Amino acid sequence: MTKNLWGGRFTGKPDKTFVEFNRSFDFDIRLFEADVRASLAHAEAIRDAGVVTSSEFDKIARGLKKLSKQAAASDTFFDNNDAEDVHSFIEGKLVELIGSTGKKLHTGRSRNDQVATAFRLWLRDRVDGIDDVLQAARRALVDAAERHVDAVMPGYTHLQRAQPILWAHWCLAYFEMFARDRERLADARKRINILPLGSGALAGTGFPIDRESVARQLGFDGVSKNSLDAVSDRDFAVEFTSCCSLIMVHLSRLAEDLVLYCSAEFDFVELSDAVSSGSSLMPQKKNPDALELIRGKAGRVFGHNTALLATMKGLPLAYNKDMQEDKEAVFDTVDTVDMCLRTMAIVLDNLRVNERRMLEAAETGYLNATELADYLVKKGVPFREAHDTVGKAVLFAIKKGKELNDLALEDLRQFSKKIDADVFNALSMDKALAAKNVTGGTAPKQVRTALGKSR
């Protein structure tokens, strides 16, 4: 049985139910490698501070490295253990391995700053991993755009057909969302990457530990400035889950678009069998389960962010056991976001785009009405007047069962004498797209330039 890191002032035994309630080993085991790394740096710091001798340090360092190798080599290394948490597990194993010298490792630190350090180390690496899969999703969007660079589709507002756009332009909209997600994560990483070790339980350490040296050794950008704040700060966890919540918003919106587009009513895209499922009753069904799961898991991540905010909002300084709830929320957020991004990249890489059907949809529904209004403006008609005129022309076309560009010239001229034969060129799909030739617009020239920069 692993001995707790506390207990000297206790005479009674803890209740078994409380022991299980209090334990975090089953989930904070993920911090094992991060805690070993931090413990090695701490061991070196207390050696340099004269707390342990060089030979004692060597013994501790060899022991920690051996534990790391054992964990990597054995699937059962963590089995059948009743440790309170991963930190007491490591110390208990170290003492078993090297004897009483292992008991000196904890000098100058508390579990409060120890946990916060391991957590930040672990999360820093996970942020880098999420950045990698965000990049993979962005590449998948660029690939999907380039495979159908000239494909035209309807753009929507209020889920009503609005104006024609390029499929590649639609892809790049989500590319930009993920770009902002990367920026937010990179900014959050700066605040994650601050060393709390050396803060002790709340007041700082009583030993002359060179915290800046420890920070450099572990790759931290700096050290915490206040020991009370350092051990009770979980802003970085809240900020991380907030960043991830926005990633999931963007993934969910992308999923929603594709769920709609792969329906028979739209028929813009077809999902690969690799990311679809069938019905247990209806043989003809092909369901977008991957996308629906992504959309559903967004709420899960939002919940973790809200849970962390609710946990932290009423806590007095400094550390409180409530903060043990931070790990599972962050761990599950990491797992969920990582899997959703990977799955979305697979969806995009295996998507079949129905260019013909998208073009048909873009050519119907009066999506060139704005082009007619712009045409009149260029002829000197005030925009508000042009807007009203085109609205009447659209109503006339609806009654005739025709698109604007299918009306006769004399039909259009009854609404404005400014309309001439050149109007049909202005109403063509090519001209409607090419007209949006501003930075960020859907003109083919702009989209190809944006694609090149995105690549």
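Of note:
- Those residues of segment 275-315 which are closer than 26 Å to Ala361 by Cβ and not in a loop (DSSP other than H, G, I, E, B), in sequence order: Val275, Asn287, Asp289, Ala290, Leu291, Glu292, Ile294, Arg295
- In the condition set (1) under 24 Å from Ser213 (Cα atoms); (2) open to solvent by 60 Å² or more (accessible area, probe 1.4 Å); (3) touching a residue at least 24 places away in the same chain (Cβ under 8 Å), Lys103 is compliant with all but (3).
- One residue stands out in segment 278-297 among those that are touching a Cys at 6+ places or on another chain (Cβ under 9 Å) and without any contact (Cβ under 8 Å) to a residue 40 or more places away in the chain: the one that is surrounded by the fewest Cβ atoms within 10 Å (Cβ to Cβ), namely Lys286.
- Sole residue being within 30 Å of Leu172 (Cα to Cα) and open to solvent by 30 Å² or more (accessible area, probe 1.4 Å), chosen from Ala408, Ala443, Ala434: Ala434
- Near pairs, Cβ below 6 angstrom, 6+ apart or cross-chain, from segment 227-244 (assigned to a loop (DSSP other than H, G, I, E, B)) to any residue that is surrounded by fewer than 21 Cβ atoms within 10 Å (Cβ to Cβ): Arg234/Met312
- Within segment 8-27, considering residues that are assigned to a loop (DSSP other than H, G, I, E, B) and surrounded by 10 or more Cβ atoms within 10 Å (Cβ to Cβ), the one modelled with the lowest pLDDT: Pro14
- Hits in segment 350-369 (condition: touching a residue at least 60 places away in the same chain (Cβ under 8 Å), assigned to a helix (DSSP H, G or I) and over 14 Å from Ser428 (Cβ atoms)): Glu355, Arg357, Met358, Ala361
- If the condition is being touching a residue at least 60 places away in the same chain (Cβ under 8 Å) and in contact with a helix residue (DSSP H, G or I) (Cβ under 7 Å, 6 or more places away or on another chain), then segment 79-92 contributes Asn81, Ala83, Glu84, Asp85, Val86, His87, Phe89, Glu91.
- Members of segment 168-199 found to be in contact with a helix residue (DSSP H, G or I) (Cβ under 6 Å, 6 or more places away or on another chain) and either farther than 17 Å from Ile247 by Cα or in a loop (DSSP other than H, G, I, E, B) (or both), listed by number: Ala168, His169, Arg191, Ile192, Asn193, Leu195, Pro196, Leu197, Gly198, Ser199
- The single condition from (1) surrounded by 19 or more Cβ atoms within 10 Å (Cβ to Cβ); (2) on the phi < 0 side of the Ramachandran plot; (3) over 22 Å from the mean Cα position of the chain (by Cα) that Phe175 fails is (3).
The values are calculated or read from the model by the stated rules, or taken from the named source; none is laboratory data. Keep in mind that this is a model prediction, so the values were computed, not measured. Neighbour counts run over all protein chains shown; Cβ positions are idealised from the backbone, glycine included. We work out accessible area using only protein heavy atoms, side chains counted, and drop any ligands, DNA or RNA first. Shrake-Rupley method; radii C 1.70, N 1.55, O 1.52, S 1.80 Å.
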